[in-house]
Amino acid sequence: MIYLDNAATTPLDEAVLNKMLPFMRRDFGNPQSQHSAGRVAGNAVISARDKVARLLGCKSEEVYFVSGGTEAGNTALKGVCAARRKGHLIVSAIEHPALIESAKDMQKYGFEVTFLKPDCRGIVSAPSVAASIRPNTIFCAVMHANNEVGTIQPVEEIGKICKAHNVFYYCDCVQTAGVLPFPTAHCNALGISSHKFYGPRGFGAMYIKNGSEITRLISGGMQERGFRGGTLNVAAVAGLAEALERAVKDREQNNKKTAVLRDAFLKRVLTEIEGARLNGDAKLRLPSNANISFEGCAGENILFLLDLNGIAVSTGSACSAGAVSPSHVLTAMGLPPERVNSAVRFSFGKYNTEEEVESVVGVLKTVINRIRKN
Ligand code: PLP
């Protein structure tokens, strides 16, 4: 298989797996237990938390382990709503459903929500955030980079605006962990998901600034300093810390590699396939992302035929691919339905090769010709 769906999930790095295995076998203790088996697990959690804090640029007690990007987004948005009881939320219209659906949930409880549109390049401007702030605004979510079109948002400026208005700013960093420096200093909370940087699926971490007005969602034992109950998955904790350390250490090398592959792919597709158009800003985007519309072809058909040829890609975002609704991101950017429905996301990763790019371009040309002839 040629895997060009790294924005959906990445394969587990072998070195990460090796860090996890001892906690699934020999060192299986509960980190809350008082005996020595518990202490081994507990110490592993302490050192992983310290490592993650160093990489995020925050204090260890500001790191919370969670089940992934979805829980992180829910925790931030609903946790602030629970703490403040009423108010107005700003959620960008290109956020992951974790934020958009959470905001819709809160609307049912009386919270006001502005779903803030991006421009046609897929960028949410800082002035548009400033213009949306009301006297009762309590929360704002604008992601670091979008998962469908890879566009990078002006999070530093947005963070400053939110700070000046005392608005809690949550920055979804799921697509940027190990790709861009963390905007920790500019937000009140951020979330990452380990399966996007060659770590285990179903696991993630949050930074929540000390002293934030936020209420827990998951009540239980005293895990995560009473903020998030439930026995920790120690293997996943160790895996996330190892994966994040590698991703940050190899950031430049990986970015360079994916950018070279992505650019070579893009150049060939845009020049050799008629009616192929890039979606989202050409420069302000992740080095791994190419979201392209192919005139006259349904994205689903392209995906299906590529899959038959052993090539994995995505239409819209993989997280919402089960649903038949058109991409909310491309729609919010104001693209016409034809262009939205003919979009395919190719996302490159550290294990892709030049030979794979060559091969995918060839198959893609055949597939597009075939669809257009029918
Ligand atoms: N946020 C973004 C930007 C994502 O791309 C994703 C997953 O694709 C998520 C949140 C959800 O993360 P998880 O799969 O860890 O719940």
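What follows draws every value from the coordinates through simple rules; no lab data is involved. Values in this document were obtained by computation on a predicted structure and should not be read as measured data. All Cβ positions, glycine included, derive from the backbone under ideal geometry; neighbour counts span all protein chains shown.
Details
- Size of charge dipole - the stretch 127-230 - debye, nearest 20, with Cβ of Lys, Arg +1 and Asp, Glu -1, no other charges: 240
- Dipole axis of the chain (+1 Lys, Arg; -1 Asp, Glu on Cβ), positive-most option in Met24, Val269, Tyr3: Met24
- Sequence of Ser125, Ser193 once ranked by neighbouring C-beta atoms within 10 Å, starting from the fewest: Ser125, Ser193
- Relative to the Cα centre, the charge distribution of the stretch 230-355, modelled as +1 at Lys and Arg Cβ and -1 at Asp and Glu Cβ, gives a dipole magnitude of about 380 debye.
- Subtracting the Cα-Cα distance of Arg372 and Gln32 from their residue separation scaled by 0.36 nm leaves 116.4 nm.
- Cβ-defined net charge surrounding Gly69, 9 Å radius [Lys, Arg +1; Asp, Glu -1]: -1
- Computed from Cα atoms, the angle from the helix 69-84 axis to the main principal axis of the chain rounds to 50 degrees.
- For the chain, the longest principal axis of the Cα atoms and the long axis of helix 299-308 meet at an angle of about 90 degrees.
- Cα gyration tensor, the chain - rounded (a/c under 1.5), prolate or oblate: oblate
- Peptides 111-117, 81-87, 33-39 ordered by average Cβ neighbours within 10 Å, highest first: 111-117, 81-87, 33-39
- Only Lys, Arg (+1) and Asp, Glu (-1) charged, at Cβ; the chain dipole about Cα centre in debye: 700
- Taking the C-alpha atoms only, the angle from helix 97-107 to the longest principal axis of the chain is near 60 degrees.
- Förster radius 51 Å - calculated FRET efficiency between Gln107 and Lys267, Cβ distance, rounded to 0.05: 0.70
- Distance from the alpha carbon centroid of the stretch 88-163 to that of the stretch 262-301 works out to 26 angstrom.
- Mean projection area, nm², convex hull over Cα of the stretch 192-241: 3.9
- Share antiparallel - DSSP beta bridges, the chain, percent rounded to 5: 50
- Cα centroid separation - the stretch 176-222 against the stretch 360-374, whole Å: 41
- Across Lys51/Lys257; Lys19/Lys249; Lys249/Lys350; Lys108/Lys209, pairs whose alpha-carbon gap is larger than 22 Å: Lys51/Lys257; Lys108/Lys209
- Rounded FRET efficiency, nearest 0.05, which uses the C-beta distance separating Asp307 from Thr9 and R0 of 25 Å: 0.95
- Among 41-53, 149-161, 67-79, the order from most to least packed when residues are scored by Cβ within 10 Å on average: 67-79, 149-161, 41-53
- Report summary: the helix-based calculation at 222 nm, which adds -39500 (n - 2.57) for every DSSP H run with n ≥ 4 and divides by the residues of the chain, gives -13000 deg cm²/dmol.
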